Amino acid sequence: MVQAAAKERISLTDESFNFTNTCKDIRSRGFYPQRPLTKSEADFPLAFASIVYMDYIQIEMMFRVIYAPQNSYCYVLDSKASPIFKKRMRNLADCFSNVVVPKEEFSVESNGKNTSNAHLACMKALQKLKWKYVMLFQNHDVPLRTNAELVEIFKIFNGSNDVSTFTPSGGTLNNNANRTFAALHLYRNESINQIREDGKLLELVPTKSLIGVALSYAMVDFLLNELNVTGFAQQLEQGVNYGMDENFLSTLNSNDVLGAPGGFTRACLERGFSVGAISRFVVWSWESGCSSRHYRHNVCIFGVEDLLMLTKQKMLFANKMMLSFDFGAITCWLEHIYNRTYSGHMHPSTLDTNFYKQLPVVRYGQLKARLNAGERVNFYTFNCSQSFKNS
């Protein structure tokens, strides 16, 4: 049955649909709850920030499935998107008080140019709203977890950020760049930028992560109000041709000298351990596991034949599904998440909480909490290993 569906994929675009986009139309196409489904979810609001440029129907379908009235949603527009797409996205924001579309648009490129700036715009727009964690994703990401599961997972994280710490890929950095705090004017308090250790100005040492990350509110507040990250974001886009977005948040999260709220450490990388994030599941073209055998920018486009595999993943989102490749896969998958959200008694959660408790970023956060509570802890014996591989 799956193979038959794969042979007769439904390939669509927004132009395939005859639809209007008034608030009444949007709400008539699906169910939007007016109250949180559980007290646990009510007490732990989340935020979602996405860069979008095409396939409005897919975005609205996904929004409907992940929607919760206590949560906040930001969609930042690629300036190259069509006028009708932009109008539809702004109509969506006008229909829901907890949805924002910033006025500023960005020319976002596949090499990462302007990705960091676009996500920062969403963080600024979301900062005045109430939430505990924000998840950053892109146009064709799809959820792997229900909202209740996300809440349970982030409670385990307890303030720790979900950001990878990898060695930057060759060619993604300008090796001649001056990354001292002083040159970047990194702290808004300039006196901190002039601090020296062993006679040298403090500087950032880059690390890498996929852009699919999850940040605590405290981390976002730190990035926007204590730091001035504009200069660093601009520097990462100078003198390189690709991967401009990979080294931004990871560097700010992992450099120990910054002491970022919920941040990790470079110590594991220095000991030979890369530490991945769980926010985004990706299958690359050089890896096994892409049953559809279709790729875009070396990333698997999941089809109906990949759905069973996705049910077994422990990540938060998957990249990617596309309307133009397999509309049936999108419809089936989002219905699966919807049913698990609203018919939990028929689709009980099988969340492996121990998996999340054993993540290095979670355990490191616990170690820092013990230190802050006055305990004597030994960071040098910290176990950097993890039970999964992801970038």
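Summary of computed values
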item: P(r) of the stretch 13-77 over all Cα-Cα pairs, binned every 5 Å from zero, in whole percent; result: 4, 14, 22, 24, 19, 10, 5, 2, 0
item: Alpha-carbon Rg/Rh ratio, for the chain, with Rh computed the Kirkwood way; result: 0.96
item: Simple Cβ-charge dipole of the chain, Lys/Arg +1 and Asp/Glu -1, about Cα centre, in debye nearest 20; result: 560 debye
item: Unit charges on C-beta of K, R, D, E only; dipole of the stretch 99-189, Debye; result: 400 debye
item: Relative frequency of Cα-Cα separations exceeding 17 Å in the stretch 270-391, percent; result: 66 percent
item: Trypsin sites (Lys or Arg not before Pro) within the stretch 27-70, DSSP loop, no more than 15 other Cβ atoms inside 10 Å; result: ARG29
item: Ordering of 76-87, 247-258, 298-309 by burial proxy (mean other Cβ atoms within 10 Å per residue, highest first); result: 247-258, 298-309, 76-87
item: For GLY328, net neighbour charge (Lys/Arg +1, Asp/Glu -1) across residues whose Cβ lies under 14 Å away; result: -3
item: Formal net charge of residues neighbouring SER160 (Cβ-Cβ distance under 13 Å; K, R +1; D, E -1); result: +4
item: Solitary cysteines of the chain, where the nearest other Cys Cβ is not under 4.7 Å; result: CYS332
item: Largest to smallest principal axis extent of the C-alpha atoms in the stretch 168-278, angstrom; result: 35, 32, 27
item: Ordering of 284-295, 90-101 by burial proxy (mean other Cβ atoms within 10 Å per residue, highest first); result: 90-101, 284-295
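Computed from the coordinates by the stated procedures, all read-outs in this text should not be read as laboratory data. Please read these numbers as outputs of a predicted model, since none were measured by experiment. Backbone-built Cβ (ideal geometry, glycine too); neighbour counts: all protein chains shown.
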